[in-house]
Amino acid sequence: MQTPSGYPESATEAFVLLQSKPRLDIDDLKVLAMIEQSGQDFYLALARAARSPETKALLEKNAHEELGHAHRALNAIRLLGGNFSLPKAGENPYSLPVMFDELDLNFLSELIRGEEGGDKSYQQWAENEPNADVAHLYRLNGGEEIGHGQRVAQVIALSQ
Ligand SMILES: [Fe+2]
Ligand SMILES: [Fe+2]
């Protein structure tokens, strides 16, 4: 599957572009849905590098919720009058194959800041979204991004 035209090819750059937008339109939400779906693959890759069942479970929980965020983005698209389905496994242009040999604690600290930045973006999009149901979905995703950062902090604590 291809990204809508005009969007960067990397998930990081595409997310930076979305962050610069006060309100998301339907194409933005398609890109967001695929970035969130790629977040599932990312956390599953981290979970595979986890050494203990506790840290693995925390990272798998984040993976599961990232997929939920993608589904909320699909719901937002429908509420705004559009329609979109997530790419099949292995066909998401934003999901690059990643493998981690171990959990790097500095990298995990960065990840907490990334999750907090994700929440800020969701709150911004919610504030500028006239459709209250769509704004509600953004706030749910944002709140869970904070929870992801808290789980990653637990992973760091358990790994020390
Ligand atoms: Fe997310
Ligand atoms: Fe997240």
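Got a number for residues in region 45-83 being of a type in the set (D, E, K, R), within 30 Å of Pro130 (Cα to Cα) and within 16 Å of ligand 1 (Cβ to nearest atom)? Let's see the steps before the verdict.
Let us first name the residues in region 45-83 that are of a type in the set (D, E, K, R), namely 48, 51, 54, 56, 60-61, 65-66, 72, 78.
Right, trim to within 30 Å of Pro130 (Cα to Cα) and you get 65-66, 72, 78.
Cutting the leftovers down to within 16 Å of ligand 1 (Cβ to nearest atom) gives us 65-66, 72.
Here the count works out to 3.
For residues in region 43-59 being surrounded by 20 or more Cβ atoms within 10 Å (Cβ to Cβ) and not β-branched (Val, Ile, Thr), which is nearest to Tyr94 (Cα to Cα)? Break it down into steps so the answer makes sense when it comes.
Initial filter on region 43-59 (surrounded by 20 or more Cβ atoms within 10 Å (Cβ to Cβ)): 43, 46-47, 50, 55, 58-59.
With the extra rule that they be not β-branched (Val, Ile, Thr), the set shrinks to 43, 46-47, 50, 58-59.
On the way: Tyr43: 14, Leu46: 17, Ala47: 19, Ala50: 23, Leu58: 23, Leu59: 20 Å.
Filtering first and then ranking leaves Tyr43.
Only one residue in Ala132, Ala89 is aliphatic (A, V, I, L, M) and within 16 Å of Gln37 (Cα to Cα). Which one?
Details: Ala132 fails: within 16 Å of Gln37 (Cα to Cα).
Going through Ala132, Ala89 in turn, just one is aliphatic (A, V, I, L, M) and within 16 Å of Gln37 (Cα to Cα): Ala89.
Among (1) within 16 Å of ligand 1 (Cβ to nearest atom); (2) part of a helix (DSSP H, G or I); (3) surrounded by fewer than 20 Cβ atoms within 10 Å (Cβ to Cβ), there is one condition Leu86 misses while meeting the rest; what is its number?
(2)
Just one of Asn106, Asn62 is surrounded by fewer than 15 Cβ atoms within 10 Å (Cβ to Cβ) and either away from ligand 2 (no atom under 11 Å from the Cβ) or in a helix (DSSP H, G or I) (or both); which is it? Working first, answer last.
Values: Asn62 fails: surrounded by fewer than 15 Cβ atoms within 10 Å (Cβ to Cβ).
Selected residue: Asn106, the only one of Asn106, Asn62 that is surrounded by fewer than 15 Cβ atoms within 10 Å (Cβ to Cβ) and either away from ligand 2 (no atom under 11 Å from the Cβ) or in a helix (DSSP H, G or I) (or both).
Take the residues of region 109-160 that are surrounded by 18 or more Cβ atoms within 10 Å (Cβ to Cβ), within 13 Å of ligand 2 (Cβ to nearest atom) and of a type in the set (Asp, Glu): which is farthest from Glu66 (Cα to Cα)?
Once the filter is applied, the top-ranked residue is Asp119.
Coordinate-derived values only; no laboratory data. Nothing here was measured: the structure is a model prediction, and the numbers come from that model. Neighbour counts run over all protein chains shown; Cβ positions are idealised from the backbone, glycine included.
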